[in-house]
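Every number here is computed from the coordinates shown, using simple stated rules; none is lab data. Fair warning: this is a prediction, and the values are worked out from it, not measured in the lab. For neighbour counting, all protein chains shown are included, and Cβ atoms are generated from backbone atoms with ideal geometry for every residue, glycine included.
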Amino acid sequence: MTGREVGRPDMDARPIDRSQVKLSCRDVWKIYRDEAAPYFRTDVSASEPGALAARMRTDGAIPAAVDVSFDVHVGEIFVIMGLSGSGKSTVVRCLSRLVEPTHGEVRLDGEDLLRKSDRELIEIRRHKMGMVFQSFGLMPHLNVFDNVALPLTLQGLPVPERNERVSRVIQLVGLEGREGAFPRQLSGGQQQRVGIARSLAVEPELWFLDEPFSALDPLIRRQMQDEFLDIQQRLRKSIVFITHDFLEALRIADRMMIMRDGMAVQVGAPAELILDPADDYVAEFTEDVPMVRVLKAADVIDPSQAARDGMPREDADISVEKLLPLLARHRGGIAAMRGGAPIGVVTAASVISALAHENPHRAAGDAPQAQPRGDGPPA
Ligand SMILES: Nc1ncnc2c1ncn2[C@@H]1O[C@H](COP(=O)(O)OP(=O)(O)OP(=O)(O)O)[C@@H](O)[C@H]1O
Ligand SMILES: [Mg+2]
C-alpha cells in the first residue's frame, strides 16, 4: 500500500510530541484465583515483587501480571514480548480493563482508568481505543463492509459519515473491491485486514494489537508488517503491539518490554536490549538477531571522538550493514548526521566493540539476578 493516497488531510502524518505520555501503567498486578488471598491488604511496596509472586504461586494463585510498570508515549509503537504464558495478553487486557487489574494504576491521558464507571469505560473503548486480536473476531454472517461498520453503528454515527469512514479504512488496508465478501470467502491475511480496518474505523488514539499477524505465513506476515508500518507512518497512533517474534518486534518497535513470569524484565529501545540485555533470558531472545542489520550508525558511535571538518557523512539511521563497506574506505571514521548536524563519529573499532558488546549476559558464566530496567516505578 506504500504510496497509496488516502485522501483525508487529517489522516496524514502530523508532527507529534513523542515525549508526551499517552498511557501509563504503574505497579499493575493481575492475580487469577486470588479470592482467598488478601495479598494487597498490607503495603505491597514493602515486599519484593518476585518473592510475593512466588508466595502467591505456592498458595495456588496465578500471578499473571506482577508489578508491571511502563509508559506508552504519543505516536510510538510499544512492543511487548515474552514466552507463551509470560503475561502479555493479561497486561494488555488490563490496559483496557477487559481484565480487571488486581492492583496498580492505569492512566490514559493522565486520567485514572481504574476509577471510571462501566458506562465511561464503554465510551472510552468505543471512541479512544482500538483492539485487534489474533483470532480476528469477525462476525461470520456480516460481509467486509458491515464488519468494519459495526463499531461505528454501535457508536450511532450518522450513516453517510459512517459509510465514508468505512470506505476509507477499507481502502487503507487494501481491501477495496472486496466489501461484499464474507469472512469465509477471505484468506487469513485478508480477514486480519478486516480486523485491522474495523479497529481503525473508530479512529482510536490508542491501538492495542495482540499478536495480530501470528496466524499468517511468513511471507504474508512480512507484507502485513510493511503495511502496518505504512499505516502507522500516516496515522501516528499510540500503539501497544504484542508479538512472540523478536525479529517482528525489531522491525516495528520504537521501544519494547520483555516479560517473564508476569514480570517486566527490561524496557528499552531494541538496540538497548541487544547491546545491553538485562539478563540471560533477554540475551537469549536477541541471540539470533542479525546485528549488522538491526544496529544503526547512531547505536555504534565512538563516544571519545568528535566529528571533524571534511569527514565523510552518513545519516545516523543508516544500518551498520551499509556502513561497513564505507568504513573500509574511510579509516578515520564517518560522521553520523541527524537533522543536519553530526551526532558523533563511527569507526571500525566502535562498530567492533558494539558488536562484541561486553555485556556479562553475552559472555559464558554466571549471570547476576535480573533487575527490571527502563520505566520502573518511581524510586
Ligand atoms: N482467565 C484466566 N484464569 C486463570 N489463569 C489465566 C487466565 N488467563 C490467563 N491465565 C494465566 O495467566 C498467565 C499469563 O497468561 P497470558 O495469556 O497473559 O500469557 P501470554 O504471554 O499472552 O501467552 P501467549 O503468548 O501464549 O498468548 C498464564 O499462566 C495463563 O495460564
Ligand atoms: Mg497472549
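Brief remarks follow.
- The label-point distance for THR58 and ARG313, in a model that sets each label 7 Å from Cα toward Cβ, rounds to 6.2 nm.
- For PHE241, residues with placed amide H under 5 Å, excluding near neighbours: PHE78, VAL79, ILE80, LEU209
- Under 23 Å of direct C-alpha separation, and excluding same-chain neighbours fewer than eight residues apart, LYS296 reaches these lysines: LYS322.
- Short-range pairs are left out: with C-alpha atoms under 8 Å and at least six residues apart, the relative contact order of the stretch 294-356 is 41 percent.
- The 3J(HN,Hα) values that the Karplus relation (6.51, -1.76, 1.60; θ = phi - 60°) gives for the stretch 314-326 are, in residue order, 9, 5, 5, 9, 5, 6, 4, 3, 6, 6, 4, x, 5 Hz. Gly and Pro appear as x.
- DSSP-defined antiparallel bridges as percent of all bridges, the chain, nearest 5: 55 percent
- Considering only beta bridges that DSSP places wholly inside the stretch 294-356, some 70 percent are antiparallel.
- Sequence-distant lysines (8 or more away, or on other chains) whose Cα lies within less than 24 Å of LYS22: LYS30, LYS88, LYS116, LYS128, LYS237
- Two-site FRET efficiency, VAL21 against ALA356, from Cβ-Cβ distance with R₀ of 45 Å, rounded to 0.05: 0.80
- Of all the options PRO212, PRO270, PRO38, the one that moves most in a Gaussian network model of the chain with Cα springs shorter than 10 angstrom is PRO38.
- Computed [θ] at 222 nm, deg cm²/dmol, the chain (DSSP H ≥ 4; -39,500 (n - 2.57); rounded to nearest 500): -10000 deg cm²/dmol
- Sorting the segments 318-330, 58-70 by their residues' average number of neighbouring beta-carbon atoms within 10 angstrom, most packed first, yields 58-70, 318-330.
- Long-range tail of P(r) for the chain (Cα pairs > 39 Å, %): 24 percent
- Convex hull volume per residue in cubic angstrom - Cα atoms of the stretch 232-313: 141 Å³
- Relative contact order %, the chain, counting alpha carbon pairs below 8 Å whose residues are six or more apart: 19 percent
- Mean separation of Cα contacts under 8 Å, 6 or more apart, over the residue count of the stretch 122-262: relative contact order %: 31 percent
- Lys, Arg +1 and Asp, Glu -1 on Cβ, resulting dipole of the stretch 294-356 about Cα centre, debye, nearest 20: 140 debye
- For LEU324 and ARG178, the FRET efficiency from 1/(1 + (r/R0)^6), where r spans their Cβ atoms and R0 equals 51 Å, is about 0.70.
- Calculated over the stretch 32-150: convex hull of Cα atoms, volume per residue (Å³): 168 Å³
- For the stretch 294-356, taking the reciprocal of the average inverse distance between every pair of different Cα atoms yields a Kirkwood hydrodynamic radius of 11.1 Å.
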